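Colleague: Pasting a structure here, questions to come.
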Amino acid sequence: MSGPVVELGHAEGWDFAAGAAVGALRPQEARARDAAGLPYVVVYRSAGRSVPLEVRLVSWRDHYAGVWVYDEHGRRVEHLELRLLEEGRLLRRYHERWGYSGPEAPEFDRVADRMAVELFPGGRGRVSHRPRGDAGPRTVTVPSASEEERWLRRPDFDDWPLLSADRWGLDGTVRPTAAPLTEPVSAAAAEPWLPPRPGGPGDLPALFVPGTRLTTSDHRENMVVLEPKAGPRLRVPSGRLAVADPLDTGRPDITVEVLPGSYPTEVATIGFGYHCEFEGAWVERTGTPALRLRVGDGPVDSWTMALGEGDDLRLLRDGEAYGFSTDGATGCFADAGAWPVLQERFRRALVDRDGEAGEDLDSGSGFFLRTVDEESGADLLAFATDSDGTHPVWLGLDGSGGVVCVIVQVDWLPHLKIV
């Protein structure tokens, strides 16, 4: 067989900071993990090169295989995420490349040329390009990848190609050969690499616990949770709660099954202080970063992400979440059974300025407009968000899986943490 030889080493994990494997495995052990769907790592090396050509991270129970390509300086230059959505083939879900200005540039240099391609089933996707990295403009276009280019046949354990072969000029047939990892292996704690995990609510529920002290990465270090404010009640006679932008066309993004009833809303309230350069003094402020609909009185045993039609957790990248989308920085809680009527009344009240179509609410309540379907006795309560885009919706569940509460974050609090 002709072609260059590429050595394969197997391990349980990979320490990205150290650039080293964790928990070396024999090939037969890695094969067993592959068959069982357990995480493992494959390291590709060529003779005379101290850093890997590429590292493949696999966890079939998580429908995931990822590849990192390294340059001769030990920097990551390419990243590919594959998702097992169908039997026998993998979606090229995400592909990112970095172009460094020279050998002295650090890994992930903020001014490096960076391009990312995201692909979704059904021909959807986007291409993002930053020629000057974070320091310059970004262009977003539609990918030109054909249906065939979007998918990769799922290789057998022994049949994986070297995906970066073209980059290294390895033409012809690459001959892989098993080679135990004999160089120093990372002494990092177990599981230095984990498959991507969807985002979770984190410490968001703490915004409703008075006295809790919190901090964020935008330097809100003196933040304390105040007593939540009571908002208006929401009637949901159909037993189907909608969370959506009331100005969007079509059905609501998210619906949640609840018992028919009338439920209280609450507005999280925080207090914080900072030195204001404009005023030249220390100022105290309050904010209302989240809203909660109380559906039950019991304790929350677990949290889950509310999903809309077509949402597939297997497509989410690490830390990502689905939610309702808005182009007008607006959302609402509403009875999904009366959605067309409530939505039309909201449009008339907000857009047509029809004073009889809706009721203006005190802005301090966290909600600004209520519309009512008199025939069914159903309500819509509209609230403002701090931005357009997607806003996750979190469901607090009791021990039997029943919905206790629904939380929507309406103000951005980056990396919210309990102190």
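Colleague: With each label point set 7 Å from Cα along the Cα-Cβ vector, what nm distance links residue 257 and residue 111?
Modeller: 5.7 nm
Colleague: If each DSSP helix of 4+ residues adds -39,500 (n - 2.57) and the sum is divided by the residues in the chain, what number results at 222 nm, nearest 500 deg cm²/dmol?
Modeller: Helix contribution divided over all residues of the chain: -1500 deg cm²/dmol.
Colleague: List the trypsin sites (Lys or Arg not before Pro) within the stretch 265-325 that fall in a DSSP loop (any state other than H, G, I, E or B) and whose Cβ has at most 15 other Cβ atoms within 10 Å.
Modeller: The qualifying sites are 317.
Colleague: Could you sort the peptides 144-156, 327-339 by per-residue average Cβ neighbour count (10 Å cutoff), highest mean leading?
Modeller: 327-339, 144-156
Colleague: Where a ≥ b ≥ c are the square roots of the eigenvalues of the C-alpha gyration tensor, would you call the stretch 1-85 rounded, which needs a/c under 1.5, or, failing that, prolate if a/b is larger than b/c, or oblate?
Modeller: Verdict is prolate for the stretch 1-85.
Colleague: When the accessible area of the stretch 266-319 is split by element with a 1.4 Å probe, what percent falls to carbon and sulfur?
Modeller: Heavy-atom surface of the stretch 266-319 belonging to carbon and sulfur, 1.4 Å probe: 47 percent.
Colleague: To continue, here is another question. Below 8 Å between Cα atoms, with a sequence gap of 6+, how large is the relative contact order for the chain in percent?
Modeller: Taking the mean separation of contacting Cα pairs over the length of the chain, I get 14 percent.
Colleague: Evaluate the chain: find the radius of gyration of its Cα atoms, find its Kirkwood radius, and give the ratio Rg to Rh.
Modeller: Taking Rg over the Kirkwood Rh, I get 1.04.
Colleague: Counting only DSSP beta bridges with both residues in the chain, tell me the antiparallel percent, nearest 5.
Modeller: Bridges in the chain are about 95 percent antiparallel.
Colleague: Give a quick list of chymotrypsin sites (Phe, Trp or Tyr not before Pro) in the stretch 254-326 that DSSP marks as loop, anything other than H, G, I, E or B, with at most 12 other Cβ atoms within 10 Å.
Modeller: 278
Colleague: Another question about this same structure. Tell me the GluC sites (Glu not before Pro) within the stretch 327-409 that lie in a loop according to DSSP and have at most 16 other beta-carbon atoms within 10 Å.
Modeller: Sparse-neighbourhood loop GluC sites (Glu not before Pro): 356, 374, 375.
The values are calculated or read from the model by the stated rules, or taken from the named source; none is laboratory data. This structure is a prediction, so every number in the text was calculated from the model and none was measured. Note that we place each Cβ from the backbone using ideal geometry, even for glycine, and neighbour counts take in every protein chain shown. Heads up: the accessible areas ignore ligands, DNA and RNA and are worked out on the full protein's heavy atoms, side chains in. Shrake-Rupley method; radii C 1.70, N 1.55, O 1.52, S 1.80 Å.
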